[in-house]
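Any read-out appearing in this document is the output of simple, stated calculations on the displayed coordinates, not a laboratory observation. Note that the structure is a prediction, hence the values are computed from the model and not measured. Cβ sites come from the backbone with ideal geometry, for glycine too, and all protein chains shown count toward neighbours.
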Amino acid sequence: METKLLYQPLDKIEADAVAVVLFEEEPAPAELKFASAWLDEMRASGEFSSKTDELSVLHQPSGLRAKRLVVVGGGKRASFDLRRATGGVVRALKQRGVKSLAWWLNGADPEAAVEGAMLGNFEPDQYKTADQGKSLESFVAVAATNGADLDAAFERGRILAESQNFTREMVNEPANRLTPTVLADRARAMAAECGLECEVLDQDRMRQLGMGALLGVAQGSSEPPALIIVGYTPRATPKSSDHLALVGKGVTFDTGGVSIKPAEGMEKMKYDMAGGAAVLGAMRAISKLKPSIRVTAFVPAVENMVGARAQRPGDIVKSLDGKTVEVLNTDAEGRLILIDAITYAKRQGCTHLVDAATLTGAIVVALGHVNIGAFTNDEALLGRVMAAARAEGEKMWHMPLDDDYKELLKSAFADLANIGGRWGGAVSAAWFLREFAGDTPWVHLDIAGTAWLDDAKPYMAKGPTGVCVRTFTKLATGW
Ligand code: BES
Ligand code: MN
Ligand code: ZN
């Protein structure tokens, strides 16, 4: 889709449709005076009352060059979400065959506008050969007056949404097409295109290093694992010596292993690399927005399979850190691969760790599909992550990590067990990671409930959401 920011009065805009937001309890903007009879009548009849998600179309509006005037309900101004509004309008109008949409900003933020439009236009339909959905070809945000700030904001929005869609496309790939090796290839190609460093540790190298926890998960698959490392170094000498690690779970398919999952819904487990894809998408955006902090992404990529060589419940593995782990359940594999990546990130000199992982079903029970579960050993770092999330419209909820939960991970035969029992499952999983983060400031984001939409939203297609890409990028650019 082509995107542009233009400076024009409303009546000069040429497009299949021009959209204008109307708020509850506010008069329509003066520029819509020519359509006041139409608006009054719709309001009187109750057909349009400016509530969120309402939309009305006037064809051949007499005062405009655009072919359609679309009025969009914004609800109350204080709770208006522009990203969702543009996303919703794009999705509604492309269905009706509209190819070019102009959005009259009327003072609103062009960044959120273009993000919403690009995210709404994304469809995970690349494997449909017959009936791919209709899509928008052009989105123009229209501002009243020129401004370098507006141009920069628009460009930022374009980069963020493009990167988020890059992530969504990878998450949507089925596991037969996206193996750990293919994920590594995609990371390498992205890094080369964006001027980022990229290194991939293979199985032999991981063996030499002693990444027993990661390798234990990988050994049940005929697809070799990969530890993908993508690095960004600022050009100018950075203000601080901080080095941010973004660690993303990259399980390209999770059968559960020998502790196998039920058949029902297992197909969804192709999204178990959503954390890994999110950190790669963030690195893509970071390469273009050039923050002044060093950032390195670590994606442990494996397939969790059943096979003659698969690890068994009761197996004891030795992690890179040296601690031993009793694998009581082979389906708790995410934490096993993450601890070796976290230890490796620390050894590479990273001073701050943030991980994203589709780690537990328990977080979905706790928070549903709305909030990311956020855990930390460092309130200050969590504060930064939450502020970035808020600015980017991604919701997260601070979850507890009291010492009382730690004992859930006791093992009779090793330093730690990889599961903590039925209750508080998201917390014990986070505690497991924390044991390896140690004293390094660390935030864990459990995105099992938020990385995938089981049902389409008005503003977003069913399937991968690309959650965390914007938050991670904002975290780096605002450091
Ligand atoms: N990838 C899953 C987490 C998951 C489960 C995401 C269901 C979305 C829906 C993870 O590897 C897993 O299997 N976790 C187990 C842990 C348990 C064995 C302690 C879970 O949550 O059931
Ligand atoms: Mn699992
Ligand atoms: Zn998993």
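Assuming 0.36 nm per residue, please report the length gained on full extension of the stretch Ser241 to Arg207 beyond their Cα-Cα distance.
9.2 nm
Based on a Kirkwood Rh over C-alpha pairs, give the Stokes-Einstein translational diffusion coefficient of the range 110-149 at 10 °C and viscosity 1.306 mPa s in µm²/s.
My calculation gives 127 µm²/s for D.
Under a Cβ-Cβ cut-off of 10 Å, what is the net charge of the residues other than Gly120 that fall near it, where Lys and Arg count +1 and Asp and Glu count -1? Don't skip to the answer; put the middle values down first.
Numbers: positive: Arg83, Arg84, Arg91, Lys94, Lys457; negative: Glu115, Glu123.
Here the charged neighbours net out to +3.
Once each part is reduced to its C-alpha centroid, what is the distance from the range 1-15 to the range 35-93 in angstrom?
Between the Cα centres of the range 1-15 and the range 35-93 lies a distance of 17 Å.
Could you state the angle between the C-alpha long axis of helix 82-95 and the longest principal axis of the C-alpha atoms of the chain, as a value from 0 to 90 degrees rounded to the nearest 10?
70
How much FRET efficiency would the formula 1/(1 + (r/R0)^6) give for Leu6 and Ala391, where r is the Cβ-Cβ distance and R0 is 35 Å, rounded to 0.05? Let's see the in-between values first.
On the way: r = 26 Å, r/R0 = 0.73.
Efficiency at R0 = 35 Å is approximately 0.85.
Normalized C-alpha radius of gyration of the range 310-434, against 2.2 N^0.38 Å?
1.09
Only helical DSSP H runs with n ≥ 4 go in: add -39500 (n - 2.57) per run for the chain, normalise by residue count and round the 222 nm mean residue ellipticity to 500 deg cm²/dmol.
Result for the chain, helices only: -10500 deg cm²/dmol.
Round to the nearest 10 and give me the degree value, 0 to 90, for the angle of helix 334-347's Cα axis relative to the longest principal axis of the chain.
90
To make sure I understand, if each residue's beta carbon is the centre and we count other beta carbons within 10 Å, what order do Thr324, Thr358, Thr343 fall in, fewest to most?
By the 10 Å Cβ count, ascending: Thr324, Thr343, Thr358.
Could you check what % of the DSSP bridge pairs in the chain are antiparallel, to the nearest 5? Walk me through the numbers on the way to the answer.
Working: 28 of 71 bridges.
Bridges in the chain are about 40 percent antiparallel.
Gap in Å between the Cα centre of the range 353-424 and the Cα centre of the range 202-228?
Using only Cα atoms, the two centres lie 25 Å from each other.
Please list, in chain and number order, the residues 5+ apart from Cys198 or on another chain whose amide H is under 5 Å from its amide H, with Hs placed from the backbone.
Gly231
Between Val365 and Asp402, what FRET efficiency follows from the Cβ-Cβ distance if R0 is 25 Å, with the result rounded to 0.05?
Result of the calculation: an efficiency of 0.85.
Counting only residues 5 or more places away or on other chains, whose amide H sits under 5 Å from the amide H of Met396 once H atoms are built in the peptide plane?
Distant-sequence amide H within range of Met396: Ile372.
Quick check: pseudo-label points 7 Å beyond the Cα along Cα→Cβ at Arg347 and Lys261, how many nm apart are they?
3.0
With the contact rule set at Cα under 8 Å and sequence spacing of 6 or more, what percent relative contact order holds for the range 347-479?
In percent, rounded to a whole number, it is 39.
Multiply the residue separation of Asp131 and Arg77 by 0.36 nm, subtract the distance between their alpha-carbon atoms, and state the gained length in nm to one decimal. Please list the in-between numbers first.
Values: separation 54, 0.36 × 54 = 19.44 nm, distance 3.81 nm.
Net length gain for the segment: 15.6 nm.
Once you list every other residue whose beta carbon is under 11 Å from the beta carbon of Glu2, what net charge do they have if Lys and Arg are +1 and Asp and Glu are -1?
Result for the local shell: +2.
Using the Karplus curve 6.51 cos²θ - 1.76 cosθ + 1.60 with θ = phi - 60°, what ³J(HN,Hα) values do you get for each residue of the range 139-146, in whole Hz, with x for Gly and Pro?
10, 10, 8, 10, 10, 7, 10, 4
What do you get for the angle between helix 425-437 and the principal long axis of the chain? Use alpha-carbon atoms, 0 to 90 degrees, nearest ten.
It works out to around 70 degrees.
Quick check: the distance between the Cα centres of the range 319-347 and the range 242-296, to the nearest angstrom?
Computed from Cα coordinates, the inter-centre distance equals 16 Å.
Within the chain, which is the longest segment containing none of the GluC sites (Glu not before Pro) that sit in a DSSP loop and have at most 11 other Cβ atoms within 10 Å?
48-263
Which residues in the range 1-28 place their backbone N less than 17 Å from a point set 7 Å from the Cα of Asn146 along the Cα-to-Cβ direction?
5-9
Name the residue farthest towards the positive end of the dipole of the range 260-305 from the options Ser292, Ala278, Ala263, assuming +1 on Cβ of Lys and Arg, -1 on Cβ of Asp and Glu, about the Cα centre.
About the Cα centre, the residue reaching furthest to the positive side is Ser292.
Given a cut-off of 28 Å, name the pairs among Lys99/Lys462; Lys51/Lys462; Lys134/Lys249; Lys12/Lys94; Lys4/Lys474 whose C-alpha atoms lie farther apart than that in the structure shown.
Distance filter (> 28 Å) returns Lys134/Lys249.
Go ahead and run the numbers for FRET between Ser222 and Leu55, Cβ-Cβ distance against an R0 of 51 Å, rounding to 0.05.
E(calc), rounded to 0.05, equals 0.50.
Tally Lys and Arg at +1 and Asp and Glu at -1 over the other residues with C-beta under 9 Å from the C-beta of Val72: what net charge comes out?
On the way: positive: none; negative: Asp53, Glu54.
The answer is -2.
Could you tell me how many cubic angstrom of Cα convex hull volume the range 198-292 has per residue?
Expressed per residue, the convex hull around the Cα atoms of the range 198-292 is 128 Å³.
I need Val365, Val427, Val317 ordered by Cβ neighbour count within 10 Å, fewest first.
Lowest count first: Val365, Val317, Val427.
I need Ser50, Ser222 ordered by Cβ neighbour count within 10 Å, fewest first.
By the 10 Å Cβ count, ascending, the order reads Ser222, Ser50.
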